[in-house]
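The values are calculated or read from the model by the stated rules, or taken from the named source; none is laboratory data. Being a predicted model, the structure only gives us computed values, none of them experimental. So basically every Cβ, Gly included, is an ideal-geometry build from the backbone, and we count neighbours across all protein chains shown. Remember, those area values only see protein heavy atoms, side chains included, never the ligands or the DNA or RNA. Shrake-Rupley method; radii C 1.70, N 1.55, O 1.52, S 1.80 Å.
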Amino acid sequence: MTHELSSPDLWLPLYGDILYRYGVARVRNSDSAEDLVQETLLAALKAKDNYAGQASEQTWLIGILKHKIIDYFRQLSRESSQGFDEQTSIKKESDEYFNLKGNWQVELSTWSKPEQSIEQDQFLMILQECIDRLPSRMSQLFILRELDGMSSEEICDVLSISTLNNLWVMLSRVRVQLRNCLDINWINQ
Amino acid sequence: MLTCKEVSYLASKKLDRKLSFRELIGFKMHTAMCRLCRHYARDIKVLHKLMLKVGEKGQTLLPESAKLSEQSRDRIKLALDKALQDDNKNNKFIAD
């Protein structure tokens, strides 16, 4: 099946909010997300003659937005003076989740039970809130990896992380934090 | 014997890569005895699968109520209209 593009002046009313939600869930900043929507639509306008009709209009636009988001992340990593690679040892230091011996300092969680499905809107909302509470670079990392399924190698490139090991240490930290946040905020009925 | 902290790292890495034989043995030995780590490994796997599923559906985690503000909608519309006009002018120019 081939698709056809609708008139460009319909893009904003048809897809503006969808693109915005997609963007803001990733860049976590409404101003930047709005700019990205604009850039995406302008880029789409320029590229419309190359549209091959293989993907639906919405998929095509989201594809353009994805590239814009990656550019945005790349630029952020370049601009940030702080390296992404600090504090990447899993050994010694204690934190709020592990004591000095490396044992858990948190209780057994209750939100994930094998027999129960957690695809409820309410759970997703809490998950989003927990992601929002992460340091912004950590949440970018997590979203690119988990929501967009980007490969670890690509993420290292986009976010300027020097080694895969560092990436894994950071991902591990994010998961510990998220799991704990979910546990505190999700009240199981 | 690995610590819980080390095992939490392996549980997370396991979602990304196949663990080495030595890593896997360490992981299995620890989780066989440690309920906290067993639950942890299960929890992050559930979370991992959930995120993938949400991503594949093209959903975001945001509710439908998250929308472009009126202001930015107007601003984007202006920018688009201008670009469209320029585009048309160019086409006309080429046609002439």
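Name the residue, out of A:121, A:148, A:35, whose mean-square fluctuation peaks in a Gaussian network model built on chain A with Cα pairs under 10 Å. For chain A, modelled as a Gaussian network with Cα springs under 10 Å, the answer is A:121. Principal semi-axes of the equivalent ellipsoid, √(5λ) from the alpha carbon gyration tensor of chain A, are 36, 21, 13 Å from largest down. In this model, which of A:113/B:49; A:48/B:89; A:48/B:53; A:113/B:53 are farther than 21 Å apart at the alpha-carbon? Pairs exceeding 21 Å: A:48/B:53. Accessible surface ranking for B:23, A:57, A:153, 1.4 angstrom probe, highest first: A:153, B:23, A:57. Amide H to amide H, with H built 1.01 Å from N, residue A:159 comes under 5 Å of no residue 5 or more places away or on another chain.
Sequentially through segment A:166-183, phi angles give Karplus couplings (6.51, -1.76, 1.60; θ = phi - 60°) of 4, 4, 5, 4, 5, 4, 4, 4, 4, 5, 4, 5, 5, 4, 5, 4, 4, 5 Hz, Gly and Pro residues having no value and appearing as x.
Once B and A are treated as a pair rather than alone, how much accessible area drops out, both sides summed, in Å² to 100, probe 1.4 Å? Please report the intermediate quantities before stating the final value.
Values: alone 8810 and 12090 Å², together 15660 Å².
In total, this chain pair buries about 5200 Å².
With all protein chains in place and a 1.4 Å probe, the accessible surface of the protein assembly as shown carries 52 percent carbon and sulfur. Largest mean-square fluctuation among B:77, B:28, B:13, in a Gaussian network model of chain B whose springs join Cα atoms under 10 Å apart, belongs to B:77.
Please give the Cα centre distance for segment A:20-67 versus segment A:121-148, rounded to the nearest Å. Between the Cα centres of segment A:20-67 and segment A:121-148 lies a distance of 21 Å.
When nucleic acids and ligands are ignored and a 1.4 Å probe is applied, residue B:1 ends up with an accessible area of around 150 Å². Approximating the spin labels as points 7 Å out from Cα along Cα→Cβ, the residue A:108-to-residue B:65 distance works out to 3.7 nm.
If you rank A:59, A:40 by how much accessible surface each has, with a 1.4 Å probe, what is the order from largest down?
Values: A:59 80, A:40 0 Å².
Result of the area sort, largest leading: A:59, A:40.
Among the protein heavy atoms, those of residue A:187 account for about 120 Å² of accessible surface (1.4 Å probe, every chain in place). Neighbouring Cβ atoms from other chains, within 10 Å of the Cβ of residues in A:6-18, number 3 on average. Amide H to amide H, with H built 1.01 Å from N, residue A:29 comes under 5 Å of no residue 5 or more places away or on another chain.
Please compute the per residue accessible area over segment A:8-79 with all protein chains in place, 1.4 Å probe, rounded to a whole number of Å².
47
Taking chain A as the reference, fit the longest principal axis to its C-alpha atoms, fit the long axis of helix A:121-133 to the helix C-alpha atoms, and give the angle between the two in degrees, 0 to 90, nearest 10. Around 80 degrees separate the two axes.
Out of A:177, A:128, A:140, any idea which swings most in a Gaussian network model of chain A, alpha carbons joined below 10 Å? It is A:128.
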